[in-house]
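Novice: The structure follows.
No value in this document is a laboratory result; all are computed from the given coordinates. Being a predicted model, the structure only gives us computed values, none of them experimental. Cβ atoms come from the backbone with ideal geometry, glycine included; neighbour counts cover every protein chain shown.
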Amino acid sequence: MQQVKDLGEIQDFCKKIRRHIIEMITEAKSGHPGGSLSAVETLAVLYLEVMRHDPKNPHWPDRDRFILGKGHACPVLYAVMAECGYCPVDQLITLRKLGSIYQGHPDRRFLPALEASTGSLGQGLSVGLGMALAARLNKSPFRTYVMAGDGEIQEGQIWEAAMFASFHKVDNLVAIVDYNKIQLDGFVKDIMDVEPLTAKWEAFGWHAITLDGHDIPALRAAFAEAAATKGKPTVLIANTIKGKGVSFMENNPKFHGMAPSRDEMALALKELA
Amino acid sequence: MAATTKFDLKMGAATREAFGKALVELGRKNKDVVVCDADLSKSTMVHWFAKEFPERFVSCGIAEANMVAIGAGLASGGKIPFVASFSVFVLNKGFEQLRVTAAYPPGINLKVVGTHSGISIGEDGPSQMSIEDLALATALPGFTVISPCDEVSMTAFVHLAAEHFGPVFLRAGRPKVPVVYNAGQKFEIGKAIELVQGKDVTLIAHGLMVAESIRAAEILDGEGISARVVDMPTIKPLDLEAIRDAATRTGAIVVSEEHLVDGGLGVKVAQAVGRMHPCVMEFVGIENTYAESGTPAQLLEKYGLTAANIASAARRALKRKG
């Protein structure tokens, strides 16, 4: 991959991913649309432009790794991986059904091209750090990317990992916080505020970049800045909109973990046409 | 695999010490071995490895949950990570991480070592005592669980754990324990070893209760009771043939362990016996409680983990066997 695309091409790709997300979750009758839609641009830029990977050779030892710590947003990951050629696009609508490779949370037993099984929040960053250390020990050039949710970083293990990463100067790993401001019970600021977020990561010794997580050129620049940052880990605080791209889902806590109805799907797909 | 029958036990090294030494040998042999520590290297004895291989030693600070998942990531990257801490911390604080990052994804070659298991750690008291670690570790599908009884078997199992592809939990103790095996004894994961021959009752044990079972056999021998002693270091997968053999040949089994009776080796042996060849059974272990501070010897005595208590259990079993 790692080929700079035309901006319009990436935007079209993002729209296609959003349509998959809506169709998959509607068909499954359950799932997490809001946090899948908020992460689309980040995953698109990573998989289309930033990461060194080869869908025909998913276990290439020197491939870059991506771990979705917020495993409940797996529809976005499945759709992006399928469109890259890792797994079948036509089976995306089997999400959450018995025997599907597209399990309710990422599961390497069913989809071996996944880098980790996730779903219990707070563990992805630690696993990614282990991989980054292995890269260093093996003198392998691969880089590791971990996306965490803003609710997920309420888990204590995230901060154990954050402390570890700067202490060990893990500069071949990038964390991305999908800061969409909503978690299951409501707005993050009302459940357990994570602010001041950038200052927290900086205090833990990270190079923090705050950006609009739907701004593709800004994401490109941030990943380039992360690659050029040596001696410390980098975190992208990606300000995003939960439910991005579908008007009635945007900033609506209801769609953290609820599937759209058939009518809502039709409306959403019209907006994403 | 029969070992030499002997009642003569000489004191040897602690299994944690044997683990620490074997880890250094293993590190020399295999460059992929990496060790993760949570600020207990001088107690778990991984400081010897740290001294010789600083570049392969990962200091995680007092953060066991993070350490376990880092180990899983290292394993994904092709390393053979040994994550070590007190058993009570690495399994209780790291349990969900073991479950999600090591047990349920396939092919995670992680080795987890819990030292200071059981109540024989003594004065530090129950917050540091791991009496439920085998119940937890064996509840992780795909894990191999091993509790060696002396320095010879621990040394062998450190190497066997590294050779085995997949997650392993290895249990070690704090105090010095008697040497049960002669140097050169062969071990296999999943195989029990008959230490003392006998025909009336089989005494099965792991960890430091193996030596106590040998002493119990000696007590019973004095009363004209012929007790077999079997060391069962692999708690999972169970050596079903050895269990069937014990049930059919002696018709009475006593399982002794430095662990809660609930969830320990005893209940697993009972399940196997129930499925294969029911016979009378007795259990010596910690009964539904936490221990306290004291010397190791005082605690083992107070909580019934003694040769005398194993001998009593054997007599009770034989009475029911008729």
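Novice: Specify which residue in the list A:Gln154, B:Ser85, B:Ala216 is farthest towards the positive end of the charge dipole of the protein assembly as shown, using unit charges on the beta carbon of Lys, Arg (+1) and Asp, Glu (-1), about the Cα centre.
Specialist: Most positive-ward Cα: B:Ala216.
Novice: Further, regarding this structure: Of the options B:Ser153, B:Gly27, B:Val68, report the single residue whose Cα projects farthest towards the positive end of the charge dipole of segment B:12-179 (beta-carbon charges: Lys, Arg +1; Asp, Glu -1).
Specialist: It is B:Gly27, whose Cα lies furthest towards the positive end.
Novice: Follow-up question, since we're still on this one. Which Rg and Dmax, in Å, describe the Cα atoms of segment A:1-73?
Specialist: 13.6, 38
Novice: Only sites in a loop by DSSP and with at most 16 other Cβ atoms within 10 Å count here; which GluC sites (Glu not before Pro) in segment B:219-321 make the cut?
Specialist: Details: sites: B:Glu223, B:Glu241, B:Glu257, B:Glu258, B:Glu282, B:Glu287, B:Glu292, B:Glu301; in loops: B:Glu223, B:Glu287, B:Glu292.
Passing sites in segment B:219-321 are B:Glu223, B:Glu287, B:Glu292.
Novice: What percent does the relative contact order of chain B come to when contacts are Cα pairs within less than 8 Å and at least six residues apart?
Specialist: Working: 768 pairs, mean separation 58.7, N = 322.
In percent, rounded to a whole number, it is 18.
Novice: Computed over the Cα atoms of segment B:156-233, what is the ratio Rg over Rh, Rh following Kirkwood?
Specialist: On the way: Rg = 14.2 Å, Rh = 13.9 Å.
Here Rg/Rh amounts to 1.02.
Novice: Among the aspartates and glutamates, select those whose C-alpha is under 19 Å from the C-alpha of B:Lys302, and discard any that sit fewer than 8 residues away in the same chain.
Specialist: Straight-line reach from B:Lys302, under 19 Å: B:Glu123, B:Asp124, B:Glu132, B:Glu212, B:Glu257, B:Glu258, B:Asp262, B:Glu282, B:Glu287, B:Glu292.
Novice: Which log10 I(q)/I(0) values, to two decimals, does segment B:259-317 give at q = 0.17, 0.19, 0.29 Å⁻¹ under the Debye formula with one point per Cα?
Specialist: -0.64, -0.76, -1.21
Novice: More than 34 Å apart: what percent of Cα pairs in the protein assembly as shown qualify?
Specialist: When every Cα pair of the protein assembly as shown is considered, 47 percent fall beyond 34 Å.
Novice: Continuing with the same structure: Can you tell me the relative contact order of chain A? Whole percent, Cα pairs under 8 Å, sequence separation 6 or more. Numbers along the way, then the final one.
Specialist: Values: 550 pairs, mean separation 64.4, N = 273.
Across chain A, relative contact order equals 24 percent.
Novice: Can you tell me the relative contact order of segment B:12-179? Whole percent, Cα pairs under 8 Å, sequence separation 6 or more.
Specialist: Computed over segment B:12-179, the figure is 29 percent.
Novice: Okay, next question. Once every DSSP H run of n ≥ 4 in the protein assembly as shown is given -39500 (n - 2.57) and the sum is divided by its residues, what mean residue ellipticity at 222 nm do you get, rounded to the nearest 500 deg cm²/dmol?
Specialist: Numbers: 22 runs with 227 residues, N = 595.
Helices in the protein assembly as shown give a 222 nm mean residue ellipticity of -11500 deg cm²/dmol.
Novice: Sticking with this structure for a sec: Which loop GluC sites (Glu not before Pro) in segment B:103-198, with loop taken from DSSP, have no more than 13 other Cβ atoms within 10 angstrom of their Cβ? Mind showing how you got there, number by number?
Specialist: Numbers: sites: B:Glu123, B:Glu132, B:Glu151, B:Glu163, B:Glu188, B:Glu194; in loops: B:Glu123, B:Glu132, B:Glu188.
Answer by residue number: B:Glu123.
Novice: Still on this structure: For segment A:167-207, state what percent of all Cα-Cα pairs lands in each successive 10 Å bin, counting from 0 Å until the bin that includes the largest distance.
Specialist: 24, 44, 25, 6
Novice: If you rank A:Lys200, A:Lys97, B:Lys51 by fewest surrounding Cβ atoms within 10 Å, what's the result?
Specialist: On the way: A:Lys200 17, A:Lys97 14, B:Lys51 11.
Ordered by Cβ neighbours within 10 Å, fewest first: B:Lys51, A:Lys97, A:Lys200.
Novice: Sticking with this structure for a sec: Please determine, in degrees from 0 to 90 and to the nearest 10, the orientation of helix A:74-84 with respect to the longest principal axis defined by the Cα atoms of chain A, where the helix direction is its Cα long axis.
Specialist: Computed tilt is about 90 degrees.
Novice: So how do B:Asp39, A:Asp107, B:Asp32, A:Asp190 line up by other beta-carbon neighbours within 10 Å, fewest first? Working shown, then result.
Specialist: On the way: B:Asp39 14, A:Asp107 21, B:Asp32 18, A:Asp190 11.
Final ranking by Cβ density, sparse to dense: A:Asp190, B:Asp39, B:Asp32, A:Asp107.
Novice: Which order do B:Lys186, A:Lys232 fall in if you start with the one that has the fewest other Cβ atoms within 10 Å?
Specialist: Values: B:Lys186 10, A:Lys232 14.
Arranged by neighbour count, lowest to highest, B:Lys186, A:Lys232 become B:Lys186, A:Lys232.
Novice: Still on this model: Under the Kirkwood approximation for Rh and a Cα-based Rg, what ratio Rg/Rh is obtained for segment B:12-179? Don't jump to the answer; show the numbers that get you there.
Specialist: Values: Rg = 14.1 Å, Rh = 15.2 Å.
With Rg and the Kirkwood Rh in hand, the quotient comes to 0.92.
Novice: Over segment A:7-271, how many percent of alpha carbon pairs lie in each 5 Å bin up to the one with the longest distance?
Specialist: P(r) over segment A:7-271, rounded to whole percents: 1, 6, 14, 19, 20, 18, 12, 6, 2, 0, 0.
Novice: A follow-up question, please. Roughly how many whole Å is it from the C-alpha centroid of segment B:47-68 to that of segment A:4-50?
Specialist: Here the answer is 39 Å between Cα centres.
Novice: For segment B:193-321, what is Rg from Cα atoms divided by 2.2 N^0.38 Å, rounded to two decimals?
Specialist: Working: Rg = 13.6 Å, N = 129, 2.2 N^0.38 = 13.9 Å.
Against the empirical 2.2 N^0.38 Å value, I get 0.97 for segment B:193-321.
Novice: Same structure again: By the scheme Lys and Arg +1, Asp and Glu -1, what is the net charge of all other residues having a beta-carbon under 15 Å from that of B:Ser127?
Specialist: In short, -4.
Novice: Another one. Find the all-direction average of the projected area of the Cα convex hull for chain B, expressing the result in square nanometres with one decimal place.
Specialist: Values: hull surface 59.3 nm².
Result: a mean projected hull area of 14.8 nm².
Novice: Assigning unit charges at the beta carbon (Lys, Arg +1; Asp, Glu -1) and nothing else, what dipole magnitude in debye, to the nearest 20, does the protein assembly as shown show about its Cα centre?
Specialist: It comes to approximately 1080 debye.
Novice: While we're here: What angle do you read, to the nearest 10 degrees and between 0 and 90, between the alpha-carbon axis of helix B:151-163 and the longest principal axis of chain B?
Specialist: Rounded to the nearest ten degrees, it is 50.
Novice: Within segment A:37-82, list the trypsin sites (Lys or Arg not before Pro) lying in a DSSP loop whose Cβ has at most 10 other Cβ atoms in a 10 Å radius.
Specialist: Of the trypsin sites (Lys or Arg not before Pro), the ones in loops of segment A:37-82 whose Cβ has at most 10 other Cβ atoms within 10 Å are A:Lys56.
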